Structure formats: structure tokens, C-alpha cells
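Here's the structure we're looking at; comments come further down.
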Amino acid sequence: MDITLPAENGDRVGYRLVGKPAEPIKGAGFSRIAYAAAHVVADPIAMTNPWSRPAVDWDRTMAFRHHLWRLGFRIAEAMDTSQRGMGFDWAGARELIRRSIAEARTVPGADLASGAGTDHLAPAAAKTLDDVIRAYEEQFAFIEGEGGKAIMMASRALAAVAKGPDDYARVYDRMLSQASGKVILHWLGDMFDPALKGYWGSNDFGAALDTVVAIIERHAGKVEGIKISLLDAQKEMLLRDRLPEGVVMFTGDDFNYPELIAGDGRKHSHALLGIFDAIAPVANAALAKLAEGDRAGYDALMAPTVPLSRKIFEAPTEYYKAGIVFMAWLNGHQDHFTMVGGMQSARGICHYADVFRLSDQAGLLADPDLAIARMKILLAMAGI
């Protein structure tokens, strides 16, 4: 099967598909906790004003969660991958969380954790730490009131009003001390969200690390784990080495996840990854190999997904969601390539051509004929 794709120099290049579609393992057991941060499927008909009034196709959005559950993944709901703070507001997130928690109850063994942030509070409207605390409390209360587990997301509002590490400690101490259950923390780097630069009260990683570790140590009984998304394996391992017993390290490193999950023979990371949305069939088979002690088999499956992930998450990294949804469209999980906020326009046609090639090479085009037909539609829209 062949297709003509564009190159960045303006040339048209013939490409012959080489990949063999992945064969996930039903009922596979994992030796790592594996959360997939899931995207939302927009409703292109109802979304008459994409920039300011998002509309969601709830049936397709829930169907995609069932796809992830069938493959053995837990779901991190209403997170960055769902475009929180980038077209998808708290009103939409509330409905998404409510529906997903209810849906999870219909699936034996399904697990779900939901993002609690402050995104209904505009950073400019946050004047004090109490404003930030009240915003977090509202979202925590909703999630816990629905019977869910909270992921405490990084807050733009807190980054805007905090004067130093003590302010972060005050907010996190308050929220963790009153949470009804265990909480997952999320350290999101400014490559994902420039408004989070200097989070934890310092631009120095060592100082920020000391702050977050001290918070976790004070509340070790309330912290299930922490997800770190800095795209730096060494920084993740430094944090991992300092976590108290019983607190889990969740990698959010979409560049270096295979080796972090596999570990160094002494310690390993679990996973809470946006890329798992896109590579779930291969990740399922790879994690099953790892659970069997087959490191070579794990590496062989995971290795081709890394160039794909690095392309999807290339700078400007915050637009990675476009590649995630593009792959869902190529693989038939939705009938269109329309995103909340019109974010499909955030990447160019050459980027999507590269994602197409790398998806094929990683065995992630489930139906190559369908993927080619849909890629040709996108190429035609770009005049190719």
C-alpha cells in the first residue's frame, strides 16, 4: 500500500506502508500501574462556535474509554490530554468526570482518577491563596462527591499569585490534609504550559524538588503518587529516589517512558501518560511482556513508539493533543478530525504526515486501508 506524502522542503515523497498492525493481548496482566490520559471527542455538528463553546460527542468519548479499559489501562480523566485549559472548560470537565465515573462502574475492574484543578478561576481573578484554595476545594468536592479519586493538577492561578515555596506548601498542605481519599499529584512542566514556569516557587529544579518532596513527606498517607512531566529522565529519577515508602512514581515523560517504566533493576516508574491514548494496543502487549519478565520483548515493542511520541510531543509541546486525536481518527475511533477549540489547526500538514509514517512503523495503524483513505482526505484539504 502506497501513499504520497509531503516533505518539509515542499517535495512530494512516495511512502509504502511497512507496519504490521499491533495485536494487543486480551486480559493481559501488568506489573506496572498504567494510566492513560484520555482525549475527548468533539461533536463537529453541535460545535457551532469551536473557540468558545466546546461541544462533546459523549457516546464516542465514552466508547474510547471502554477501548482503553479493554486493553487493561486505568484512565486519567479530564487531564491535560482532554484539553483542560486549552478549549475544554470546567463545565465540560464536570460532565466528563460525572459520565466517566458512572461508566467505570459498569466495567468490572475499571479504574479512574480525575483531574482537580482551578481552571474555572481565571489567573487574573485570583488575588489571594484563599481564592486558589476555594477553587481547588470546589473541584475536589465535585470529584469526591461523585465517588471519584482526585488528581491534583498544577494550577495557573497558584503560579500567578504564589510568592515562593511557602505559598505552594500552604495550598498543598490544606488540600491534602482535607482530601477524603488518596490523591495523585501532578508536576507539569512549562513546556506543556508556559504559565506554570517556576512552579513550586522556584526556577531551580533542586529547590523545587525539595519543596515537593517535603510536601509529600508531610502527607505520605494521603498521596498515592506523583506524576512528573518534565521530559527529563534524570529529573524524574531524582524525584523517584526521594519518594517515601508507599508513594508511587508515575512517569509523565512522553520522551523517555520505556526505560523509566522498565526501571534500572533497583527502582522503576509506573505510568500516567498521554501517549498511552495513542499507543494503547502496543503498550498493552509490551507491558504484558514486561510482566512476564521478557525485557527484550518489551523493548522491541516499545522502541518504535518513541520516535512517534517525540514527534507528537515536539515543541510547542502543548499542542500534542492534535496528534493524539489525529491518530484516534486514523484508527476509526471517531469519524472526523475536529477538536475542541479547533486545535487540529495547531499542527501543520508535514507534522501529520510524519505522525502517519511513524504510526505505521510502530504498528499503530489498525486498519491501513482506512488510515490511508483518511490521510488522503487531510492531504486534499491541504491542497496535496
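Filtering the stretch 335-361 to residues that are modelled with pLDDT under 95 and open to solvent by 30 Å² or more (accessible area, probe 1.4 Å) leaves nothing. The residue of the stretch 31-45 that is modelled with the lowest pLDDT, among those that are hydrophobic (A, V, I, L, M, F, W, C) and more than 20 Å from MET375 (Cβ to Cβ), is ILE45. Considering only residues in the stretch 253-267 that are charged (D, E, K, R) and either open to solvent by 20 Å² or more (accessible area, probe 1.4 Å) or more than 14 Å from the chain's Cα centre (by Cα) (or both), the one that is farthest from VAL306 (Cα to Cα) turns out to be ARG266.
When residues in the stretch 31-67 are screened for being of a type in the set (S, T, N, Q) and part of a loop (DSSP other than H, G, I, E, B), 3 of them pass. Among the residues making up the stretch 268-281, those that are open to solvent by less than 20 Å² (accessible area, probe 1.4 Å) and under 18 Å from LEU230 (Cα atoms) are SER269, ALA271, LEU272, LEU273, GLY274, ILE275, PHE276. Where residues in the stretch 226-236 are of a type outside the set (Asp, Glu) and out of contact with any strand residue (DSSP E or B) (no Cβ under 9 Å at 6 or more places or on another chain), which of them is most open to solvent (accessible area, probe 1.4 Å)? The extreme case among them is GLN234. Taking the listed residues LEU272, LEU196, LEU243, the one that is of a type outside the set (Gly, Ala, Ser), at pLDDT 95 or above and within 26 Å of LEU358 (Cα to Cα) is LEU272, with no other qualifying.
Taking into account only those residues within the stretch 74-92 that are of a type in the set (Gly, Ala, Ser) and farther than 20 Å from THR317 by Cα, which is most open to solvent (accessible area, probe 1.4 Å)? So the residue we want is ALA91. Within the stretch 13-27, the only residue that satisfies the criterion of being at pLDDT 95 or above and among the basic types (Lys, Arg) is ARG16.
Note on the stretch 286-321: residues that are in contact with a helix residue (DSSP H, G or I) (Cβ under 8 Å, 6 or more places away or on another chain) and either of a type in the set (Lys, Arg) or open to solvent by less than 10 Å² (accessible area, probe 1.4 Å) (or both) amount to 14.
Rundown of residues vs (1) over 14 Å from LEU358 (Cα atoms); (2) aliphatic (A, V, I, L, M), yes/no style:
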position: PRO307; (1), (2): no, no
position: MET327; (1), (2): no, yes
position: HIS333; (1), (2): yes, no
position: MET343; (1), (2): yes, yes
position: ALA346; (1), (2): yes, yes
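When each of ILE151, ILE133, ILE143 is tested for being of a type outside the set (Lys, Arg), over 25 Å from ARG74 (Cα atoms) and either out of contact with any Gly (no Cβ under 9 Å at 6 or more places or on another chain) or in contact (Cβ under 8 Å) with a residue 40 or more places away in the chain (or both), the lone residue that passes is ILE133.
Residues are listed down the side, and each one gets a yes or a no for (1) modelled with pLDDT of 95 or more; (2) buried (at least 16 other Cβ atoms within 10 Å of the Cβ); (3) part of a helix (DSSP H, G or I):
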| position | (1), (2), (3) |
| --- | --- |
| GLU8 | no, no, no |
| GLY29 | no, no, no |
| GLY72 | yes, yes, no |
| ARG94 | yes, yes, yes |
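The values are calculated or read from the model by the stated rules, or taken from the named source; none is laboratory data. The model shown is predicted, which means the values in this text are computed figures rather than measured ones. All Cβ positions, glycine included, derive from the backbone under ideal geometry; neighbour counts span all protein chains shown. Side chains are part of the model used for accessible areas, which takes the heavy atoms of the whole protein and leaves out ligands, DNA and RNA. Shrake-Rupley method; radii C 1.70, N 1.55, O 1.52, S 1.80 Å.
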